[in-house]
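Just so you know, all these numbers are worked out from the coordinates, no wet-lab data involved. Because the structure is a prediction, the values reported are computed rather than measured. Cβ placement follows ideal geometry from the backbone for every residue including glycine, while neighbour counts extend to all protein chains displayed.
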Number of protein chains: 2
Amino acid sequence: MVSKKLGGRRAPTESDVAKLAGVSQSAVSRAYTKGASIAQKTREKILQAAKELGYQPNLMARSLATNQSNIIALAISNLENPFYANVAQQLSSQLREIGKHILLFTSPSDDETDPMLERALSYQVDALIMTATMASPELALQCKKAGVPIVQINRGSKIAGVSTVWGENHRAGEVAAEHLLKTKHKRFAFVAGSKTSSTSQMRQDGFIEHLAKSGIKNVPIEYGEYSFSGAANAARKLLSSKNRPDAIFCASDYMAFSVLDVAKREFNLNVPNEVSIIGVDDVPEASHSAYDLTTFSQPAGALAKAAIEIVEKMNSESSRRAMHIEVEGQLIIRGSTKA
Amino acid sequence: MVSKKLGGRRAPTESDVAKLAGVSQSAVSRAYTKGASIAQKTREKILQAAKELGYQPNLMARSLATNQSNIIALAISNLENPFYANVAQQLSSQLREIGKHILLFTSPSDDETDPMLERALSYQVDALIMTATMASPELALQCKKAGVPIVQINRGSKIAGVSTVWGENHRAGEVAAEHLLKTKHKRFAFVAGSKTSSTSQMRQDGFIEHLAKSGIKNVPIEYGEYSFSGAANAARKLLSSKNRPDAIFCASDYMAFSVLDVAKREFNLNVPNEVSIIGVDDVPEASHSAYDLTTFSQPAGALAKAAIEIVEKMNSESSRRAMHIEVEGQLIIRGSTKA
């Protein structure tokens, strides 16, 4: 056991606890080992002494012995987008229930795999969960070599060995198109995420293909880059065009909020009478009356649950085959679309 | 060095790297130790072999030797509130720049110290940063014994040894009162956070005391519990009272958004002509035109910077005296208050 020195004071060690409790050092070690043989009375005496001294068993040292750190690295690009803040919150509270914790890696951009992520491996993490960022082939290879499974939430991957958890992206687009058709809209547009996002592409494909079945073609597409300001620019382009859309489907709620703001305040349009807006995600803000957004849901809790299931399975079983789980969503109709 | 087994495959060890590079195991160890003596050529050969094998030096094992894990535990109650999501993002990206990472602990409630936090100590974290949650005397004692400094962001503490980083809470209340007085408001109200929040209390004191100087007394106060639904209930009570306020100061932006929603949609009030609303924080959403909220800022970047400064100082110096840093804010005037 190591002692941590700070300000001239050292943290209590296993041997300090043994001395105070009047037991052997190996008894202290057994007291903290699941399933180890130790008398209940001895154990209580040890825990009491540990509490008095402020002793904490060193989980890092323990992870060297058990090969399980109980730490999951989470790479996330942007906590400003409420969807990702929500996913992080769900992952954290669900992992806590099984005694695991998140080591957080935020990255400045949506598309770049942060080279710092390779450092996550140095912490002997049990898995790497990524949202809104994608594993580079290089990182995936390093993880494979180190035996650390990767799960991507809300982004696809063509790399073998990378597991993915998805919402119903293609169906989100279809359902949005169907709802807008049923409610008699005529001029459709799509605000996409980034060009490299498979998620955005699938939502777009579902939307465009479903409209095409009704003979609607040449649907304008603008890229909002998944950012608030990017989506505002996309909305400005679409809403100032000659053939102004009366229905805009956005690849995320966060971008839809921005499109709503621009439509109402900059173009003085009545939402939904002059333009209907649909998002994807159903973040909590979508139900706030400032936005009151119709959206196709992508439940953060269910996405987190699926990702953790994959991690547990890959950490416990001998199979290392990547898994892919699709999480169901549904259209939530609110005030941003015409009845 | 330990090998991690998963799916019948074991992670490469120091000795594997040594073998491939044709050097001794101690050379591999030196290659990864800052300042250790090793020829540049040998080092390159080792790094190349490590890359080929997917070897990562075990930072956990290393932390046992150096007493520095470079991991900071962050306890946070609610990532749904954009202020805290923002603080987490700022802490994460600023820590990354100095090679440190966040181990995340989310807790279900604002006021309760999660007992799980004591587990953070088992991971040999270098410090514990808490936002929107408060260290219990018990936890503070455990941290003290383990030599782990605690920094609370945006909550006070009466516990010796706990450092704090604050916005200008009292001044926020004064400045809000002054602005509302200058702009000819007559009937004031305050939406507080929770009863145990020192932050909310200081904002309230600044507001109430400044109004009292102008002879305004009996200002109604409702508790929004820092939640969206709690603030909505507070707004309903205030706005349905006989003497309906024409100026509401809220202890956070997040609650102010909820109050705005209720005022506009449920009471059909014109904001700001019939009621002005001011928040505290200046989260990014405050500038979105759906809210366009006047607010007293509490810059997340500066709060994170101050907290990290304290951690660095307490980890490097022999002094363990708690530090207290106040971060400056300013009134940002937007459309939710009368000109």
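Going 7 Å from the Cα of residue A:328 toward and past its Cβ, which residues in the range A:287-312 have a backbone nitrogen under 18 Å from where you end up? Taking a point 7 Å out along Cα→Cβ of residue A:328, the residues of the range A:287-312 whose backbone N falls under 18 Å are A:296-307.
Largest GNM mean-square fluctuation across B:131, B:13, B:295, computed for chain B with C-alpha springs under 10 Å, falls on B:13.
Taken residue by residue and averaged, Cβ atoms of other chains lying within 10 Å of the Cβ of B:283-293 number 4. For the options A:163, A:92, A:214, a Gaussian network treatment of chain A with springs between C-alpha atoms closer than 10 Å singles out A:214 as fluctuating the most. When the Cα positions of A:229, B:88, B:36 are compared along the charge dipole of the protein assembly as shown, B:36 comes out farthest toward the positive end, with charges on each C-beta of Lys, Arg, Asp and Glu.
Between this copy and the others, label points of residue B:98 are 3.4 nm apart in ascending order, each placed 7 angstrom from Cα in the Cβ direction. The same position residue B:309 in the other copies lies at 4.8 nm from this copy, comparing label points 7 Å beyond Cα toward the beta-carbon, shortest first. Pairs spanning more than 20 Å between alpha-carbon atoms, out of A:237/B:264; B:237/B:264; A:100/B:305; A:264/B:182; A:41/B:144: A:237/B:264; A:100/B:305; A:264/B:182; A:41/B:144. Working from Cα positions, state the angle (0 to 90°, nearest 10) between the long axis of helix A:300-316 and the longest principal axis of chain A. Here the helix axis deviates by roughly 40 degrees. Based on C-alpha pairs under 8 angstrom that are at least 6 apart in sequence, chain B has a relative contact order of 15 percent.
Put +1 on the Cβ of each Lys and Arg and -1 on the Cβ of each Asp and Glu in the protein assembly as shown; which of A:54, A:296, B:162 then has its Cα farthest toward the positive end of the dipole? Value: A:54. In this Cβ point-charge picture (+1 for Lys and Arg, -1 for Asp and Glu), the range B:125-175 has a dipole of about 140 debye about its Cα centre.
Dipole magnitude for the protein assembly as shown: about 1360 debye, using +1 per Lys or Arg Cβ and -1 per Asp or Glu Cβ, origin at the Cα centre.
Based on DSSP H segments of at least four residues, each scored -39500 (n - 2.57), chain A has a per-residue ellipticity at 222 nm of -12500 deg cm²/dmol. Give the shape of the protein assembly as shown as rounded, prolate or oblate, defined through the alpha-carbon gyration tensor: a ≥ b ≥ c are the square roots of its eigenvalues, a/c under 1.5 means rounded, and otherwise the shape is prolate if a/b is larger than b/c and oblate if not. Note, shape of the protein assembly as shown comes out oblate. Here chain B is scanned for trypsin sites (Lys or Arg not before Pro) in DSSP loops (not H, G, I, E, B) that have at most 12 other Cβ atoms within 10 Å, and the longest stretch holding none of them is B:35-157. Modelled label positions at residue A:236 and residue A:37, each set 7 Å beyond Cα in the direction of Cβ, lie 7.6 nm from each other. Springs join every pair of Cα atoms under 10 Å in this Gaussian network model of chain A, and among A:193, A:99, A:22 the largest mean-square fluctuation is at A:22. Please figure out what share of the DSSP beta bridges in chain B is antiparallel and state it in percent, rounded to the nearest 5. Close to 10 percent. In the assembly of identical copies, residue A:136 has its label point, taken 7 Å from Cα in the direction of the beta carbon, separated from the corresponding points by 4.5 nm (ascending, one decimal).
A simple charge model with +1 on the Cβ of Lys and Arg, -1 on the Cβ of Asp and Glu and nothing else charged puts the dipole of chain B at about 780 debye relative to its Cα centre. Per-residue shielding of A:99-106, expressed as the average number of other chain Cβ atoms within 10 Å of the residue Cβ, stands at 6.
Loop-resident chymotrypsin sites (Phe, Trp or Tyr not before Pro) (DSSP state other than H, G, I, E or B) in the range B:143-200 with no more than 12 further Cβ atoms inside 10 Å of their Cβ are absent. Rounded, prolate or oblate: which fits the range A:245-339 when a ≥ b ≥ c are the square roots of the eigenvalues of the alpha-carbon gyration tensor, with rounded for a/c under 1.5 and prolate only if a/b beats b/c? Prolate shape, in that a/c is at least 1.5 and a/b is the bigger ratio.
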